[in-house]
Amino acid sequence: MASGIFGDREKALEDAYTKNDERHFVMEARAVWLFGLWAESRLGRGGQVGTRYADTIMDMYLKKQDLPHIISQIAEDRANKGVETTAHRLEIQFQLHLDEAKKIKD
């Protein structure tokens, strides 16, 4: 009987971990998309161009889920447009978008 209780508890903990992991992924993905929109808007391009760029950044994230790579890519893209931005500044900006994404209800 005791092993059944522990097994149920372990399953509940695994389920909770999976759910938390999924929530984190969704929040981070939202933040990445918002970050992409922000990056393009700061270059004076919003609308469909900004949305396409955000979609491109999101695709990169979905393939690797590597935030340092995303930040590096946005820094490179901005530099190619003549806008120098430090990785640290972009990390701060991403954190702001992550905070905003956490407020969005499903």
Next item on the list: Filter segment 13-42 down to the residues that are small (G, A, S) and either over 8 Å from the mean Cα position of the chain (by Cα) or at pLDDT below 90 (or both), then identify the one that is surrounded by the fewest Cβ atoms within 10 Å (Cβ to Cβ).
Entry: A16
Checklist line | Counted residues, segment 61-89 - those being assigned to a helix (DSSP H, G or I) and free of Cβ contacts under 8 Å to residues at least 24 places away in the same chain | finding: 14
Check: Limited to segment 60-73, what total is found for residues that are loosely packed, with under 13 Cβ neighbours inside 10 Å and more than 14 Å from F25 (Cα to Cα)?
Finding: 1
Note to self: For segment 79-106, which positions are touching a Leu at 6+ places or on another chain (Cβ under 8 Å) and surrounded by fewer than 18 Cβ atoms within 10 Å (Cβ to Cβ)?
What the structure shows: K81, V83, E100
Margin query: I'm trying to understand the selection: among the residues of segment 28-60, which are more than 13 Å from A75 (Cα to Cα), of a type in the set (G, A, S) and part of a helix (DSSP H, G or I)?
Written below: A29, A31, S41, G47, G50, A54
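The values are calculated or read from the model by the stated rules, or taken from the named source; none is laboratory data. Being a predicted model, the structure only gives us computed values, none of them experimental. Note that we place each Cβ from the backbone using ideal geometry, even for glycine, and neighbour counts take in every protein chain shown.
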